[in-house]
Amino acid sequence: MKQFGAVSMVSVLALALAVPASFAKDKKNDPEEIGNRDVGKGVNFYSLEKEIGLGKQLAQEVERQAKIVDDPVIAEYVNRVGQNLVRNSDAKVPFTIKVLDSEEVNAFALPGGFFFVNSGLILKADSEAELAGVMAHEIAHVAARHGTRQATRGTIINYASIPLIFMGGWTGYAIRQGAGLAIPLGFLTFSRGFEKEADYLGLQYMYKSGYDPTAFVDFFEKIQSMEKKKPGSISKVFSTHPMTDDRISSAQAEIGKILKTKPEYVVSTSEFSDVKGRLNALHNRRKVDQKEDSNRPRLRRAPGNGPIDEDNPDQKQKPDQDERPTLKRRDS
């Protein structure tokens, strides 16, 4: 009887544990439950407060190394699109969203909700929904706490090494082409499972925000095609876990299975077109400035000589005696 009782007790306990797990799984598949489900569960050495502190530290490094787009119209628009997605996500942290002045096609969200969108990504997107799809994917990484969960697992970086990140001697950096940013690899590249989960959740976030979820697949198919035609045309980190045929098929299956068709979706807006126009003007103006600067004669001073035109180095050097300060003794 005791043995039977013990077995029965184990069975009851297993059943009790299985019910919440099944319930949680069902909630994860229901976009209507977004915000009421803990998608960031898992072994994690970081509290949310520590995660935000770490993300803030990393974000400060990014802003020291990169140029932020300070155009108020562009900054406000991208922030508004992102914050709308955040409100319709499972994220438990506030987001700070900024635009980087880089033609590299990329976006990345650091732990704790510090999110950077490259101007090159906005220019490559054909609609607001495509931009929202990429942003929703990155927001999903933060909502599911992939960065710190992966750091805890030690799959890419060792948790014990984190205090050494900004003390020198750190070799685990992802050097971001274009922007030239050095950020620890563990917070930018994720396991295949985490990438698929970010696809799954990101699609739900953009769907709940009112966007056409098929734009997500359209954009990543475009990126995949770009990389095949011209290898190296997109960010190295962005292409570490490319949108494979398997991931595209999974996204399409999710759209058909759990995202009920709506009578209408947001595809694009006039604001999106205006922002692309402003970014194009900004990039073109910079190219013109760079070209003019390269054509402008430069002067350099050689030791003991006057100014020399670098474009005419063979010219005779003039003594700069007249330019040197002269000391005179004042008569008493």
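Miscellaneous remarks
- Checked against (1) surrounded by 23 or more Cβ atoms within 10 Å (Cβ to Cβ); (2) under 12 Å from the mean Cα position of the chain (by Cα), LYS98 passes all but a single condition, namely (1).
- Tabulated pairs, the range 259-272, first touching a residue at least 12 places away in the same chain (Cβ under 8 Å), second open to solvent by 90 Å² or more (accessible area, probe 1.4 Å) and among the polar types (S, T, N, Q), C-beta under 6 angstrom, 6+ apart or interchain: none
- The set of residues from the range 247-276 being open to solvent by less than 70 Å² (accessible area, probe 1.4 Å), under 28 Å from ILE68 (Cβ atoms) and over 22 Å from the mean Cα position of the chain (by Cα) comprises VAL266, THR269.
- SER127 being at pLDDT 95 or above, open to solvent by less than 50 Å² (accessible area, probe 1.4 Å) and among the polar types (S, T, N, Q): yes
- Selection from the range 45-76 of residues that are free of Cβ contacts under 8 Å to residues at least 40 places away in the same chain and hydrophobic (A, V, I, L, M, F, W, C): ILE68, ALA75
- Looking only at the range 192-234, and only at residues there that are among the polar types (S, T, N, Q) and more than 20 Å from ALA144 (Cβ to Cβ), the one that is surrounded by the fewest Cβ atoms within 10 Å (Cβ to Cβ): SER225
The values are calculated or read from the model by the stated rules, or taken from the named source; none is laboratory data. Keep in mind it's a predicted model, so treat the numbers as computed, not measured. Note that we place each Cβ from the backbone using ideal geometry, even for glycine, and neighbour counts take in every protein chain shown. The accessibility values were calculated without ligands, DNA or RNA, using every heavy atom of the protein model including side chains. Shrake-Rupley method; radii C 1.70, N 1.55, O 1.52, S 1.80 Å.
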